[in-house]
Every structure is written in C-alpha cells, then in structure tokens.
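The values are calculated or read from the model by the stated rules, or taken from the named source; none is laboratory data. Being a predicted model, the structure only gives us computed values, none of them experimental. All Cβ positions, even for glycine, are placed from backbone atoms using ideal geometry, and neighbour counts span all protein chains on display.
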Amino acid sequence: MKCSQLFLPTLKNIPSEAEIASHRLMLRAGMIRRLASGLYTYLPLGLRALRKVEAIVREEMVNAGAQEIMMPIVQPAELWQESGRWDRYGRELLRIKDRHDRAFCLGPTHEEVITDLVRREVRSYRDMPLNLFQIHTKFRDEIRPRFGLMRAREFVMKDAYSFDVDEEALDRQYWNMYNAYMRIFERCGLEFKAVKADTGAIGGDVSHEFMVIADTGEDTVCSCLSCSWAANIELAEVRNSEISGQGAQDNSQLKELKKVSTPDVKTIEDVAKFLCVDTKRLVKSILFSTSSGEHALAMVRGDHEVNEVKLKRAIGCDDIFMADENVVLSVTGADVGFAGPVGLKESVRIFADNSIRGVKDFITGANEKDAHLLNVNWQRDIDLSMVTFADIRNITDHDLCPECGGRIELKKGIEVGHVFKLGTKYSEALGAAYLDKDGKERPIIMGCYGIGVSRVVQAAIEQNNDKNGIIFPTPIAPFELIITVINTKDKVLLLAAKEIYDIAEQSNIDCLLDDRNIRAGAKFKDADLIGIPVRITVGKRLKDSGEVEVFFRRNGAVKMVSFDDIKENLLRIISFSD
Ligand code: ATP
Ligand code: MG
C-alpha cells in the first residue's frame, strides 16, 4: 500500500475526548473515529490491526478443534425470557421492537441463541464434544462507555461455546480453551496473567480471566510472589490470621461505651483525624440494599474496602447495591457517614469481615447524626444473632497468599478474555438435552469462552507505546514494514524503494511505501506514531555507499544495510523487530 493513497488521517493535537494513552494514540494514529458514545468506526489502520488479532484468534481456535459459525446480532426476547435473563440482565441489554411490535434485543452475548441451536440439532452423545465459535459484533449498553475500544457499547468479541456429555469432558474442553488463550495472548505480544475469577450468578467453581497488566486497567490482579496463585481481587480470598481467638474476649477489661459528638465528620479519614486515632481502630459500616428490598450492613476495618462480590455471596443475593441517602436515613436514623451496628433495627442483617472478629473497643457510627460511638464491643453492645462473620473485604498487599502464605502483589489489569464452566445453567433453562449410551435423556454440559478482540488491539497499544507513539507487536501491526523515501522527486530513490516494496509483497510482508511528497521529518513522525515495527529509509546514502537505513521502532536501533542485503534478507530483518 502506498501512503499517498492510504486513508490515514493522523492528528497532531491530543484529542480531548481521550483519557488514556492507547485511546489518544488510536485517535491520533487515525485508527478509529468516534461516532457517538461507545460507538466507533475503524479506519483502515485500525481495521487491519483488528483483522490481525482476529486471524490469530481464529487460527488458534480452529487448531484447538472449535468450528466457526456466525449468529444474528438481533435476538428474540422469547429466548431471553426462557433463560430468565430478559428481566435479570438489566439495562445493558438494548431492547428493540420490530414493525410487528415483537420484542428483540441486540446480543450482548450469545448463550441463549447457541443453546437454542444446539437443543434443536444435538441429539445424542455421539454429537459431542462440540465447540462452536464466532467473531462478531456485540452490543452492551454500558453505563459508562469510556477509554475508546476498551469499554465500548458496540465491540468485537470472539465467543465460543462448548457442549459435552459430562463434567470430565467439559474439564478437557475448558483447559483446552485455556491453553489456546495462553497461545493467543502470547502471539499478540501481550504481557498478561491468567487469574482465577468470580463465577457470579452462574455459580460453579471454575473460571479464569486473562488480564493484560496495565496501570490504567479497571480490574485488580493479585498474585503471589512465591507460588503460582493469581486471582482477580473480586474473589481473592483473605486468609485471616485474626480469626483465632475471636469472641473469646475478656469482658472485664472492656472500656466503657461512649458516645462522642463528631459534627459533620463523615469520612473514615476525617473521623480518624478528628478523634486522633489510626483508621485501623475504626470500623466502617456501609448499608446495602438488595433487589428484594432487604437491607444489610457491611462492616470492615477502617483501612479496608468492602468487596461487593464477596458480600453478594455472603448475603446469598446477586443483586445488591449501596443504599442511597434516603434509605440510610430511614433504616439507621442517621445521615450517610454515621451508620453503625449498635441498636440497629432487627430486620437488618449485619455482615462483618473476619478481620474485625477479634477486635475490642472499636469506633463506629452511632446511628445518630453527628455522633460516633467509642469502645464498641461485640458481645456487650451488639446483638450477635444479627451478625454473620465472613470474608467480605478486598485483599491488600499486607495480606498473605491464601495458597502458600507467601507475599503477594496487586497490579491493575485489563480483562481481555474469560473462560467459564457454565454447567447446565442454560441447557436446563432452555431444555437442551441429549440421549446417553443407555438412551437416557441428560442435560448438555456447557462452557463459554470470550475474548474482547477489539479490546485486545487497544490493550496492546496501552502496553506498547512511548512518547512518539505506538510500538506495535509485529504479529498484530497493521503493517510490518514501512519504506520511507526521503525525496520522492528523485526517481532513483523511488525506484529502489519500489524494488524493496515488490520483494516485500512477494514475501507476504505487509508493507507501506511512504511516497508522499512531504518533509522527511513529517514522514518519520507519522511512521513512529502509527507504530510500524521496521522502517527502511531510502535516501542519499543509497547513492553514496549503496546502503539504506533500517530502523527498529521497539528499541530505536538503527543499522545501515546494503541494498543487496536488504533484498535478500528482508524476511529475516522483519523477524528481528520484536
Ligand atoms: P467487563 O468486566 O470488562 O465488563 P465482562 O466480564 O462483562 O467484562 P464478558 O462477558 O466475559 O466480559 O465478555 C468477554 C470479553 O469481552 C471480556 O473479557 C472483554 O475482553 C470483552 N468486553 C466485555 N465488555 C466489553 C466492552 N464494553 N467493550 C469492549 N470489550 C468488552
Ligand atoms: Mg461487563
């Protein structure tokens, strides 16, 4: 492709809509343009990178035994009603009506559609194992679309679904997919980690997420520095040293319960400062409501954070949210910031984190405006029949690995893939069954496996860039090589460049020829910005010494190579680019 013909609208200025490097760079490098919130057009460069990722994903999926299909984006409401998700999925599901007033949705995921297909077509144990995948557009009406392709509303996903006769066969499919994912993300040149993940409403105990490590990630990845344990913070289990000795308090030594005035002192930090104590002495009480109108008070140490995923599990309800001001006032009798466990209505269940089980003389809100209680103690002051102790907080880097007791580290991550054992959730809801060897009907055992293909492109850029622009990993670069002609009016240089270009084409190297009649400096800037791994510059040196300059974008290395060598060893040179 010639640059003079390429639709490459690069930007000099930093686009104000973009908050993170990869988003800014994709806009500046003319890869994407925003149509509306969470909706993007892929320009030639962006689409080429997307296609490269797609090709790697497709190849590895096919090698792993999966077969490609393509399902409709528009899905009938009835299927979602059958699975029970029409009501439960919430507002991320974009619902539409056709001209006959029939309800449909835009597919955010395809479990219903694929299960419908399989319940019609798969009859016998002989039809399995089966693994079907597609690479296609999804729509999720995200509450806060942001960061460009990272959290878009319309995006490209690879979703695969497996169908098996029993758990053992599912287990084989699951690890087969897991290994395919390892290869895919390695080939895409990503620094990533596979971590244990929450199984949410679906239950089951096995799920892994594939996280690209990046400071701008929305997830937190915890991993052990000594063993192979790694988990999403959502489910990273806290192994509590303080559990022992709980409840066995010596009541005679307890200090007297005291109410103190704390006017307008609401946050934990402010209360700690106001009372001149460490935040560890405080116990945070946060009121949650469930979708069925119940209330739960979550209690964690002042310096800890409530983990909503763990709290959901402890409560046994998948739909919980922080209570709003009015609810807090009506349930606790006080404004937000002054809730506590003492004297709370009996209808409220209290969930207290394991790490505050053994604490004495702690500080909480007094359920009264502008007041806190000092020297609160479990047995003396709180109705213990209302209290459940559980692991409901986020692990911190002061905690130890739940597997081996080693030190752990916390890093930010971008979720690019997810593998999940579904079991019989959808096959039972939709009646997808098969006949086993004895002619007995059994539900099909399913797994699902997603990759955010468009998110991978941007995640790779988030991980690979510098002040000059993108540094594409070669396997997903829109072009692997750019040949820059210093002076396009010079026929000799242009011809030589064309010669290298033709060899590149013949060798199946994706190559750009920068034949634009602009300053050489501007060409170099563009090549750096769009992140092409190798640049060959054809300039005056060709005439002086028969050499061209080879520049490697990743490490900035420059080499002079003779024109003949270039022609002979082009493929080898490209292979050095990563
Ligand atoms: P997230 O927690 O980021 O919302 P998810 O758990 O909802 O992700 P899945 O339902 O597992 O995601 O979807 C599979 C993959 O699709 C994810 O691993 C992610 O890479 C990608 N993905 C999900 N939502 C989006 C989005 N809004 N924009 C781009 N990619 C997305
Ligand atoms: Mg999501």
Are any of the residues in segment 447-467 over 30 Å from residue 48 (Cα atoms) and in the same structural domain as residue 25 (by TED's automatic domain parsing)? yes
Could you check how many residues of segment 109-142 are away from ligand 2 (no atom under 16 Å from the Cβ) and among the charged types (D, E, K, R)? 8
Result of the Cβ filter at 8 Å on segment 81-96, keeping first residues that are touching a residue at least 40 places away in the same chain (Cβ under 8 Å) and in the same structural domain as residue 429 (by TED's automatic domain parsing) and partners that are among the aromatic types (Phe, Trp, Tyr) and more than 16 Å from ligand 1 (Cβ to nearest atom), at least 6 apart or interchain, is 93/86
I need the full set of residues from segment 424-447 which are under 17 Å from residue 132 (Cβ atoms) and either within 16 Å of ligand 1 (Cβ to nearest atom) or aliphatic (A, V, I, L, M) (or both), in order please. 426, 430, 432, 444, 445, 446, 447
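Answer with yes or no whether residue 397 is assigned by TED's automatic domain parsing to the domain that holds residue 277 and surrounded by fewer than 17 Cβ atoms within 10 Å (Cβ to Cβ).
Here the answer is no, as residue 397 does not meet what is asked.
When the residues of segment 23-57 are narrowed to those that are in a helix (DSSP H, G or I) and touching a Gly at 6+ places or on another chain (Cβ under 7 Å), which ends up surrounded by the fewest Cβ atoms within 10 Å (Cβ to Cβ)?
Filtering segment 23-57 for residues that are in a helix (DSSP H, G or I) and touching a Gly at 6+ places or on another chain (Cβ under 7 Å), the one surrounded by the fewest Cβ atoms within 10 Å (Cβ to Cβ) comes out as 23.
In segment 58-144, which strands (runs of 3 or more DSSP E) lie fully inside it and hold 1 or more residues that are within 16 Å of ligand 1 (Cβ to nearest atom)?
Correct list: 74-76, 103-106, 130-139.
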Which condition does residue 178 not pass, out of (1) away from ligand 1 (no atom under 16 Å from the Cβ); (2) assigned to a helix (DSSP H, G or I), if it passes all the others? (1)
Hey, can you tell me all the residues within segment 499-542 that are out of contact with any strand residue (DSSP E or B) (no Cβ under 7 Å at 6 or more places or on another chain) and free of Cβ contacts under 8 Å to residues at least 24 places away in the same chain? 502, 506, 508, 518, 519, 521, 522
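Only one residue in 380, 407 is in contact (Cβ under 8 Å) with a residue 12 or more places away in the chain, of a type outside the set (Gly, Ala, Ser) and more than 30 Å from residue 207 (Cα to Cα), so which one is that?
On inspection, the qualifying residue turns out to be 380.
Among 550, 561, which is the only one that is touching a Lys or Arg at 6+ places or on another chain (Cβ under 9 Å), modelled with pLDDT of 95 or more and among the aliphatic types (A, V, I, L, M)? Full working, then the answer.
Details: 561 fails: touching a Lys or Arg at 6+ places or on another chain (Cβ under 9 Å).
Exactly one of 550, 561 is touching a Lys or Arg at 6+ places or on another chain (Cβ under 9 Å), modelled with pLDDT of 95 or more and among the aliphatic types (A, V, I, L, M), namely 550.
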Applying the selection to segment 403-425, what residues are surrounded by 18 or more Cβ atoms within 10 Å (Cβ to Cβ) and aliphatic (A, V, I, L, M)? 408, 414, 416, 419, 422
Checking residue 331 against (1) surrounded by fewer than 17 Cβ atoms within 10 Å (Cβ to Cβ); (2) in a helix (DSSP H, G or I); (3) in contact with a strand residue (DSSP E or B) (Cβ under 7 Å, 6 or more places away or on another chain), which test does it fail? (1)
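Can you find even one residue in segment 447-470 that is more than 30 Å from residue 187 (Cβ to Cβ) and out of contact with any Gly (no Cβ under 7 Å at 6 or more places or on another chain)?
No, there is no match, as no residue in segment 447-470 is more than 30 Å from residue 187 (Cβ to Cβ) and out of contact with any Gly (no Cβ under 7 Å at 6 or more places or on another chain).
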Show me the helices (runs of 4 or more DSSP H) entirely contained within segment 460-578 in which 3 or more residues are surrounded by 15 or more Cβ atoms within 10 Å (Cβ to Cβ). 491-506, 520-530, 563-575
Within 11 Å of ligand 1 (Cβ to nearest atom) and out of contact with any strand residue (DSSP E or B) (no Cβ under 8 Å at 6 or more places or on another chain), is that true of residue 147? yes
In segment 525-547, residues that are small (Gly, Ala, Ser) and either closer than 19 Å to residue 469 by Cα or in contact with a Ser or Thr (Cβ under 6 Å, 6 or more places away or on another chain) (or both) total 3
Name the residue that is surrounded by the fewest Cβ atoms within 10 Å (Cβ to Cβ), counting only residues in segment 145-175 that are among the aromatic types (Phe, Trp, Tyr) and not in a strand (DSSP E or B). 175
Among the residues of segment 376-390, is there at least one that is under 30 Å from residue 116 (Cβ atoms) and more than 16 Å from ligand 1 (Cβ to nearest atom)? no
Of (1) out of contact with any Lys or Arg (no Cβ under 7 Å at 6 or more places or on another chain); (2) at pLDDT 90 or above, residue 319 satisfies all except one. Which? (2)
Where residues in segment 440-459 are aliphatic (A, V, I, L, M) and assigned to a helix (DSSP H, G or I), which of them is surrounded by the most Cβ atoms within 10 Å (Cβ to Cβ)? 457
Among (1) over 30 Å from residue 228 (Cα atoms); (2) modelled with pLDDT of 95 or more; (3) hydrophobic (A, V, I, L, M, F, W, C); (4) surrounded by fewer than 18 Cβ atoms within 10 Å (Cβ to Cβ), which single condition is residue 384 missing? (2)
What number goes with the only condition from (1) touching a helix residue (DSSP H, G or I) at 6+ places or on another chain (Cβ under 9 Å); (2) touching a residue at least 24 places away in the same chain (Cβ under 8 Å); (3) closer than 30 Å to residue 408 by Cα that residue 312 does not pass? (2)
Do we have residue 421 as within 16 Å of ligand 1 (Cβ to nearest atom), of a type in the set (D, E, K, R) and within 26 Å of residue 279 (Cβ to Cβ) here? no
